[in-house]
Amino acid sequence: MKKYIVTIAREHGSGGRIIGKKLAEELGIAFYDRELITLTAKQTGLSEAFINDIEDQKPSSLLYSLYMGTYIPNVYDEAYVAQANLIRSLADKESCVIVGRCADYILREYDNCFHFFIHAPIQERAKRITEEYGEQVKDPAAAVKKWDKKRSSYYNFVTQSQWGRAQNYNLTIDSSIGLDQTTALIKDYLKHSGVLD
């Protein structure tokens, strides 16, 4: 079977991570989400907590700095580059599902890569994070919006593209139809694309 990679970007609380894990299990391929944080931390010597939080920081404008001849790498840039190189090496090695971390952008030149964006209505997402985190979240709708803002700000800055823009993905799916149904839709897309038998 031909090697292929699936990337999943997702709104907070949309169930994208669960869908990605379920998809990888059903397809019998590797799954990378928090594992990327652990592997990047090992490679760089930085803490997992730091790697996990790089989406809260904006790396410097590398292209501008190179153009001006003044580039001084900072630890956030180094962590992003290390993580991007890791994502490429995993994609070169095996079929896999990768959740988040700008993987759709990092692997945009790969012709065997399929990009999906999972979204859902705010009420649905607020309900899901309440069930997942319980009383730890005082205002679930506000928490969902805050996480989405962080993700979009980081993605838009790093990629110079727009997070969640339909043209950046093979398919965007409203997961309120159900997580199993969303997983099935992705599998159907892969079948129609000739990747799966």
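The values are calculated or read from the model by the stated rules, or taken from the named source; none is laboratory data. Given the structure is predicted, the values throughout are model-derived calculations rather than measurements. Neighbour counts run over all protein chains shown; Cβ positions are idealised from the backbone, glycine included. Ligands, DNA and RNA are stripped out before the accessible areas are found, and what is left, the full protein with its side chains, is counted by its heavy atoms. Shrake-Rupley method; radii C 1.70, N 1.55, O 1.52, S 1.80 Å.
General remarks:
- Matching residues, the stretch 141-169, being among the aromatic types (Phe, Trp, Tyr) and part of a helix (DSSP H, G or I): TRP147, TYR154, TYR155, PHE157
- Consider the stretch 121-156 and keep the residues that are surrounded by 14 or more Cβ atoms within 10 Å (Cβ to Cβ) and among the aromatic types (Phe, Trp, Tyr). The one that is modelled with the lowest pLDDT is TYR154.
- Residue, nearest to HIS115 (Cα to Cα), within the stretch 163-197, restricted to residues that are out of contact with any His (no Cβ under 9 Å at 6 or more places or on another chain), touching a residue at least 12 places away in the same chain (Cβ under 8 Å) and of a type in the set (Val, Ile, Thr): ILE186
- Any hit, the stretch 170-184, residues being open to solvent by less than 30 Å² (accessible area, probe 1.4 Å), assigned to a loop (DSSP other than H, G, I, E, B) and closer than 26 Å to GLU94 by Cβ: no
- The stretch 185-197, residues that are open to solvent by 40 Å² or more (accessible area, probe 1.4 Å) and not in a helix (DSSP H, G or I): SER193, GLY194, ASP197
- Filtered by the rule that a residue be of a type outside the set (D, E, K, R) and out of contact with any Ser or Thr (no Cβ under 9 Å at 6 or more places or on another chain), the stretch 145-166 gives TRP147, SER152, SER153, TYR154, ASN156, VAL158, THR159, GLN160, SER161.
- Flag if ILE98 is within 23 Å of SER153 (Cα to Cα), at pLDDT 95 or above and either open to solvent by 10 Å² or more (accessible area, probe 1.4 Å) or out of contact with any Lys or Arg (no Cβ under 8 Å at 6 or more places or on another chain) (or both): yes
- Subset of the stretch 19-41 [of a type outside the set (Asp, Glu), at pLDDT 95 or above and open to solvent by 60 Å² or more (accessible area, probe 1.4 Å)]: LYS21, LYS22, GLY28
- The set of residues in the stretch 101-137 being outside any helix (DSSP H, G or I) and closer than 18 Å to LYS149 by Cα consists of ARG101, CYS102, PHE117, ILE118, HIS119, ALA120, PRO121, VAL137.
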